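To start, the structure itself, in structure tokens.
Computed from the coordinates by the stated procedures, all read-outs in this text should not be read as laboratory data. For clarity, every value in this text was computed on a predicted model and none was experimentally measured. So basically every Cβ, Gly included, is an ideal-geometry build from the backbone, and we count neighbours across all protein chains shown.
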Amino acid sequence: MTALIIFSLLLALMVTGMPISIALGLTVLTFLFAFTQVPIESVALKLFTGIEKFEIMAIPFFILAGNFLTHGGVAKRMIEFARTLVGHWHGGLGVAGVIACALFAAVSGSSPATVVAIGSIILPAMVKQGFPKNFGAGVITTSGALGILIPPSIVMVMYVVATSGAIYAGPNGEPVQSASVGTLFMAGIVPGLMLASLLAATTFYRAWKFGYPRLPRASFTERWKAFRNSFWGLLMIVIVMGGIYTGVFTPTEAAAMSAVYAFVIAVYVYKDLKLSDIPRILLSSASMSAMLLYIITNAVLFSFLMAHENIPQAMAALMTDSGLGWFTFLLLVNVLLLAAGNFMEPSSIVLILAPILFPVAVKLGIDPVHFGILIVVNMEVGMCHPPVGLNLYVASGITRMGITELTVAVWPWLLTMLFFLGVVTYWPDLSLALPRAMGML
């Protein structure tokens, strides 16, 4: 009954069109004031202590790095490098777009940033070469979602923030805590590469089926020149990810390093960004960071209310006592997350639902790392379908296509992503094999 009251309040406020972050805060305040004896003063304290987590500092740095890279010429050099590798394949420019999205995802951590950076360059080129606009839009809208699966990933950081700070009981009563950011980053590499391969295969097949254009095969000299031009952008992948896994710096320190490195190569190496552009980029990054941090603070407050009322623990006990197995639970989680993606953006979904579902998953013996990757893949799918798919709106701005038209355009690739979601859900080793081999599990 308590859970019903809380979620009814939240949904009622969201239906009014109120921003989710404010709806979360008002739900907590209303419930605490009307149904509990918890002093309201504790809310202010929780708002500040809720974001006193070292991992949260990574978010504004990754956002800043992504903005530097988006405006700093890194994307176009990655596209050219990918084009020289696969441009002669069927639909080569589209396949190059998938590869470029995967490469840019490995340095940005943001899905919309990947769509903007790659899509704004490659979509006009695809249309000019003779590809239908809806084909190019479908490729970039879905491939841009790789930005939150291939590490580094802002959504993975949010999952850790949402589920850390508490220890839950496993299936045999053993203590289980959340995964670390570094372990999740490592776990995202193999699924990310697999999804990129599947999206590229879908692009290749449709281009072959409909006879879309191919480019001439690039010479070794052209490939070497493209590699040299993109080297400094590609080196960022090695520095950031290599630094994390060799223990040189933590994921949060890696985020700060990526922001500094992105600034240096954009301004002083590629020189596509002027110093006069920096204030605008800093302001844009600060605005986006503030929005996300405000959502996080209110989501942490909502999690505090859930924990105070013992709702996650009650749900875990209810599901285990009813004989619900891990197979059925994961199916229900996928349905719930995909449904939530119809009216909420990924950050809010992770911050609200992860603390509720995580104790149940742990109780059923599901690995926290596997569960985190499953949630991230669900968020990828949610970003590519209406009515709130962020990638659709970003791609709509680039292509000047309506959301309905874009929805039809993305279906072949979206079906591929749903198939991949099923694979990730019921093949845990796809996510766990690499962290296990690295001794992180």
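Which distance in Å, rounded to a whole number, links the C-alpha centroids of region 395-416 and region 140-190?
So the separation of the two Cα centres works out to 28 Å.
Output the Kirkwood hydrodynamic radius of region 165-287, Cα pairs only, in Å rounded to one decimal.
Taking every pair of different Cα atoms in region 165-287, averaging 1/r and inverting gives 19.0 Å.
Report relative contact order for the chain in percent, whole number only (criteria: Cα-Cα under 8 Å, sequence separation at least 6).
The value is 25 percent.
Nearest 10 degrees, 0 to 90: what angle lies between the long axis of helix 251-264 and the longest principal axis of the chain (Cα atoms)?
30
Using only DSSP helix segments of four residues or longer, with each worth -39500 (n - 2.57), what per-residue ellipticity at 222 nm results for the chain after dividing by its residue count and rounding to 500?
Helix contribution divided over all residues of the chain: -24500 deg cm²/dmol.
By how many nm would the segment from V269 to L85 grow when fully extended, if each residue of separation counts as 0.36 nm and the alpha-carbon distance is taken off?
Full-extension gain reported as 63.9 nm.
For the chain, build the convex hull from the C-alpha positions and give me its volume per residue in Å³.
Dividing the Cα hull volume of the chain by its residue count gives 143 Å³.
Angle between the Cα long axis of helix 58-71 and the longest principal axis of the chain, 0 to 90 degrees, nearest 10?
It works out to around 20 degrees.
For K363, list the aspartates and glutamates whose Cα falls under 14 Å from its own Cα; do not include residues on the same chain fewer than 8 positions away.
List returned: E174, D321.
Using alpha carbons only, how many angstrom separate the centre of region 307-376 from the centre of region 57-85?
Cα centroid to Cα centroid, the span is 33 Å.
Would you work out the charge dipole size for region 55-437 about its Cα centre, treating the Cβ of every Lys and Arg as +1 and the Cβ of every Asp and Glu as -1, and quote it to the nearest 20 debye?
Charge dipole of region 55-437: 1620 debye, to the nearest 20.
How do the peptides 243-252, 110-119, 351-360 rank, highest first, by the average count of neighbouring beta carbon atoms within 10 Å per residue?
110-119, 351-360, 243-252
Given 0.36 nm per residue, what is the gain on full extension from S276 to T404 after removing their alpha carbon distance, in nm?
Full extension of this stretch gives 42.2 nm more.
What is the angle, in °, between the Cα long axis of helix 133-143 and the longest principal axis of the Cα atoms in the chain? Nearest 10 is fine, range 0 to 90.
Between the helix axis and the principal axis of the chain, the angle is about 50 degrees.
Kindly state, to the nearest 0.05, the FRET efficiency for A317 paired with W411, given R0 = 41 Å and r defined as their beta-carbon distance.
In this case the efficiency is close to 0.50.
How much FRET efficiency would the formula 1/(1 + (r/R0)^6) give for A339 and E222, where r is the Cβ-Cβ distance and R0 is 56 Å, rounded to 0.05?
0.75
Using per-residue counts of other Cβ atoms within 10 Å, averaged over each peptide, order 267-274, 180-187, 121-128 from highest down.
180-187, 121-128, 267-274
Over 25 Å between Cα atoms: which of K133/K271; K76/K209; K76/K225 fall into that group?
Cα-Cα > 25 Å for K133/K271; K76/K209; rest within.
Using the Cα centre of region 198-311 as the reference point, and only Cβ charges (+1 on K/R, -1 on D/E), how large is the resulting charge dipole? Debye, rounded to the nearest 20.
So the dipole magnitude of region 198-311 works out to roughly 840 debye.
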